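Visitor: Provided herewith is a single structure, encoded as structure tokens, for subsequent inquiry.
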Amino acid sequence: MRSLFNLDIHPMKTRFVRTTYITFATALTLLGACGDSGAGDVGADKLEPIAEGTSRDSVLLVMGEGPLTAQYSDTMRLEHGFRRENYVIDGKSYEVLYYRELQGNVAEQVQQAKETPVVLQNGKVLGWGWKYYLEAMESLKLPNPTGNIPGGNGAPPAIIPTDSSNSAKADSAAPADSSKKSGA
């Protein structure tokens, strides 16, 4: 009877330890995924291959088809289902494509939680992500895309610090003549 008792306990202990280990490993995996998606940009995994100098056509291939729709003249602000904004600042043309995964309409306000900007000049990527865009607002004088929310105060996007993988892109993406001008 004693040997039977030992056999019954041992499998239960092993099963308990195995179940606890699997549960703990699953919880760590889920917490890691939540941390990445909460602190990072929308679609960061998909946009990762995009580097400074990548062509516009390659960016659109990586992004695929977007979920945004438009009506009437708003169709001019769409590119393959993604929001597109064009700016001319100090005689230089910039294009911003906003990667998005959730369905919506281009008439909606840009929201950091739903979209990730990719900044281009002359058909080439300067950088992408909200961290880069915040720096580009200062160095390239790009406008704040989230500042016109009704009831908002026009403050810059609240950028959550993430890993430094996009900061290298941001540091090397600023044009050589982007020195700060006093009084401007």
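Visitor: Pick out the one residue from I149, I160 that is under 13 Å from the mean Cα position of the chain (by Cα), farther than 20 Å from E52 by Cβ, modelled with pLDDT under 90 and not in a strand (DSSP E or B).
Guide: One residue alone meets the criteria, I160.
Visitor: If you don't mind, another one. Those residues that are closer than 16 Å to K124 by Cβ and of a type in the set (A, V, I, L, M), I need them from region 76-97; list them, please.
Guide: Of everything in region 76-97, those that are closer than 16 Å to K124 by Cβ and of a type in the set (A, V, I, L, M) turn out to be V96, L97.
Visitor: Mind checking which residues of region 42-68 are in contact (Cβ under 8 Å) with a residue 60 or more places away in the chain and aliphatic (A, V, I, L, M)?
Guide: Hits for region 42-68 are V42, A44, L47, I50, A51, V59.
Visitor: Could you pull out the residue among L97, L68 that is at pLDDT 95 or above and either more than 14 Å from W128 (Cα to Cα) or buried (at least 16 other Cβ atoms within 10 Å of the Cβ) (or both)?
Guide: So the residue among L97, L68 that is at pLDDT 95 or above and either more than 14 Å from W128 (Cα to Cα) or buried (at least 16 other Cβ atoms within 10 Å of the Cβ) (or both) is L97.
Visitor: Can I ask one more? Can you name the condition, by its number, that A173 falls short on among (1) modelled with pLDDT of 95 or more; (2) buried (at least 17 other Cβ atoms within 10 Å of the Cβ)?
Guide: Condition (1) is where A173 drops out.
The values are calculated or read from the model by the stated rules, or taken from the named source; none is laboratory data. Given the structure is predicted, the values throughout are model-derived calculations rather than measurements. As a convention, Cβ positions derive from the backbone with ideal geometry for all residues, glycine included, and neighbour counts pool all protein chains shown.
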